[in-house]
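Participant: Take a look at this one; I'll ask things after.
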Amino acid sequence: MKRPRNRTLDYLAYLAVRLIVAIAQAMSVEQSYAFARILAAVLYRMDKRHRNVGLENLKMAFGDRYTEAERDQIIRGVYRHFCMMLMEILHIPRKLHPTSWRDRITLVGHEKVVDRLLKGGPVILLTGH
């Protein structure tokens, strides 16, 4: 049976998230990456339930291909990647503007895309981060 929600705990979690967002947005992107690594380590320690789910999923998917220590490192990497991606997402509204996007984004092969668009052909664009 599902436990009833604890409004006080939910509000404290909300305040913690808002604090993390405020701190991250006050930093430079580079500083927020360092903050993300610290946050990932804290979340890894605190979030035992999801950590164990990840470890179990790796065990089921790969069997004995990875040692317990290797699976642990993979899960730590997942937390780190998630937190770093969160920092990038938090910075987008403040860092990416119509006047500044060229400072952060490198277009590769755009000549071919423009040529194809001008000819009226279909184009599929892929991006990475």
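Participant: Among the residues that make up segment 74-97, is at least one of them modelled with pLDDT of 95 or more, of a type in the set (S, T, Y), outside any helix (DSSP H, G or I) and surrounded by 11 or more Cβ atoms within 10 Å (Cβ to Cβ)?
Facilitator: No, the conditions are met nowhere in segment 74-97.
Participant: Determine whether segment 54-69 contains at least one residue that is charged (D, E, K, R), surrounded by 15 or more Cβ atoms within 10 Å (Cβ to Cβ), in a helix (DSSP H, G or I) and out of contact with any His (no Cβ under 8 Å at 6 or more places or on another chain).
Facilitator: No, segment 54-69 contains no residue that is charged (D, E, K, R), surrounded by 15 or more Cβ atoms within 10 Å (Cβ to Cβ), in a helix (DSSP H, G or I) and out of contact with any His (no Cβ under 8 Å at 6 or more places or on another chain).
Participant: May I pose another question? Among (1) polar (S, T, N, Q); (2) exposed (fewer than 11 other Cβ atoms within 10 Å of the Cβ); (3) within 30 Å of K95 (Cβ to Cβ), which single condition is Q31 missing?
Facilitator: (2)
Participant: Moving on. Return a yes/no flag: does segment 81-98 have any residue that is more than 19 Å from the chain's Cα centre (by Cα) and of a type outside the set (A, V, I, L, M, F, W, C).
Facilitator: yes
Participant: Give just the number: which of (1) farther than 22 Å from T127 by Cα; (2) in contact (Cβ under 8 Å) with a residue 24 or more places away in the chain does I38 not satisfy?
Facilitator: Going through (1) farther than 22 Å from T127 by Cα; (2) in contact (Cβ under 8 Å) with a residue 24 or more places away in the chain one by one, I38 breaks only (2).
Participant: Also: Tally time: how many residues in segment 41-80 are touching a residue at least 12 places away in the same chain (Cβ under 8 Å) and under 21 Å from G128 (Cβ atoms)?
Facilitator: 4
Participant: I've got another one for you. What are the pairs, 6+ residues apart or on separate chains, where a residue within segment 105-129 that is within 30 Å of Y33 (Cβ to Cβ) and at pLDDT below 80 has its Cβ under 8 Å from a residue that is among the β-branched types (V, I, T) and in a helix (DSSP H, G or I)?
Facilitator: Pairs found: L125/V113.
Participant: Within segment 17-36, how many residues turn out to be under 21 Å from R76 (Cβ atoms) and either touching a Lys or Arg at 6+ places or on another chain (Cβ under 6 Å) or among the hydrophobic types (A, V, I, L, M, F, W, C) (or both)?
Facilitator: 5
The values are calculated or read from the model by the stated rules, or taken from the named source; none is laboratory data. Since this is a predicted model, take the numbers as computed values, not measurements. Quick reminder, even Gly has a Cβ in these numbers, built from the backbone with ideal geometry, and neighbours come from all protein chains shown.
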